[in-house]
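The structure appears right after this line, and notes come after that.
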Amino acid sequence: PIINVRTGRYIGCEALVRLRRPDGTLAHPHTFIEEAEDSGLAVEMTVLLMQRVRADLEAFYSRHPFLKVSINLFSERLPMESSYKAKEIIAGLQALGCQVALDDVGTGHNGLKYLMELGVDIIKIDKLFIDGVSDSGFSKTIVEALIKLAGDMQIQVVAEGIESVEQVAKLKELGVDMAQGYFYSRPLGP
């Protein structure tokens, strides 16, 4: 679930795919994504996920149109080959009424370059930085800078990986409105 930290109300969710191995264990998401990409099934799997989400949530969403549903459309482990093509796709999704978020901001290849080039609506600040937001160290400074930058660019912020009431309090103080993490709920589903 994605929560409005000011009201405590659900404002949406992120749909996730998990691979259950024959022994019943779940594959780590990074391993699973890599396997899906290597097998050539990532795009087909994403399309099926989108169809499943629509089928599962269509009736509910018609009664609650304010809710957001997030779906990761592609892996961000590698740098994008063409930010022009990505920007074109993002603009097309926005023209349909979708909002586009940049996931795991601040880690890996999700640097400020993509934030500047892609025209996203939302940034999701990675848990790595949220873990230290209540301290006075670099994590707090980075989170503050990302929140300020997003505000100046009129981009919404979601804080990922919330695990404590202290983090929620600090993020409210810093101006974050949306969050998700184990503090609110572990992943749900079958």
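The values are calculated or read from the model by the stated rules, or taken from the named source; none is laboratory data. All figures in this text were calculated on a predicted structure; none of them were measured in a lab. Positions of Cβ are generated from backbone atoms using ideal geometry, with glycine treated the same way; all protein chains shown enter the neighbour counts. Only protein heavy atoms, including side chains, enter the accessible area calculation; ligands, DNA and RNA are left aside. Shrake-Rupley method; radii C 1.70, N 1.55, O 1.52, S 1.80 Å.
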inquiry  = For the chain, give me the percentage of DSSP beta bridges that are antiparallel, rounded to the nearest 5 percent.
reply    = 25 percent
message = Could you derive backbone 3J(HN,Hα) for region 53-62 from the dihedral phi with the Karplus parameters 6.51, -1.76 and 1.60 (θ = phi - 60°), listing whole Hz in sequence and x where the residue is Gly or Pro?
response = 4, 4, 5, 5, 10, 4, 5, 4, 5, 5
ask   = Which length gain, in nm to one decimal place, applies between residue 16 and residue 112 when the Cα-Cα distance is subtracted from 0.36 nm times their residue separation?
value = 32.0 nm
task = At 7 Å along the Cα-to-beta-carbon direction for both residue 138 and residue 98, put a label point, then send me their distance in nm to one decimal.
result = 3.5 nm
FRET efficiency, 1/(1 + (r/R0)^6) with R0 30 Å, evaluated for residue 169 and residue 62 via beta carbons = 0.25
The chain: calculated mean residue ellipticity at 222 nm from DSSP helix runs of at least 4, using -39500 (n - 2.57) = -13500 deg cm²/dmol
request  = Tally up the carbon and sulfur contribution to the accessible surface of the chain as a whole percent, 1.4 Å probe, everything protein left in place.
outcome  = 58 percent
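Provide the per residue accessible area, probe 1.4 Å, for the chain, rounded to a whole number of square angstrom.
62 Å²
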Residue order for 146, 188, 16 - accessible surface, 1.4 angstrom probe, largest first = 188, 16, 146
note = Note, region 13-22: 3J(HN,Hα) by Karplus (6.51, -1.76, 1.60, θ = phi - 60°), whole Hz, Gly/Pro = x, goes 7, 10, 7, 10, 10, 10, 9, 8, 6, x
key: Built amide H within the under 5 Å cut-off of residue 19, gap 5+   = 27
key: Distance between modelled label sites at residue 188 and residue 27, nm, 7 Å Cα→Cβ extension   = 2.6 nm
message = Can you list residues from other chains, or at least 5 along the same chain, whose modelled amide H is less than 5 Å from the amide H of residue 12?
response = 2, 68
